[in-house]
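This report refers to the structure that appears directly beneath it.
No lab work stands behind these numbers, since they all come straight from the coordinates. As the structure is a computational prediction, the values presented were derived from the model and not from experiment. We place every Cβ from the backbone using ideal geometry, glycine too, and count neighbours over all the protein chains shown.
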Amino acid sequence: MNNTQEVIFIDTHIATGISELLKISLFPLTPFQARIDPPSPIHDWLLEHAQQTLRQDGQPNTALFFSSFQMDLNQGLLWADNGR
């Protein structure tokens with residue numbers, strides 16, 4: 001492993017550690033996230049736009065596959081936006 005790889009390896013582990021520490025320390029606030037940061041309509045727009053982009057880029061089968069999971073994706077967005 002050269003010096004650059006070692007630095008990247010160490011940076012990755014530090015970033016992972018900080019991320020885990022934040023998850024643990026912010027967990028008690030999870031029930032209040034919907035009031036602190038309410039769900040955003042931008043996520044719905046992003047999903048819709050992703051499907052349009054796939055169709056426009058000549059990937060109609062991928063867009064169709066993606067759309068077959070629309071309900072699950074929407075529930076996932078709601079879950080993520082509510083911090084659950």
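The length gained on full extension between Q70 and Q52, counted as 0.36 nm times the residue separation minus their Cα-Cα distance, comes to 5.2 nm.
Provide the net charge surrounding Q51, with neighbours chosen by a C-beta distance below 15 Å and charges set as Lys +1, Arg +1, Asp -1, Glu -1.
-3
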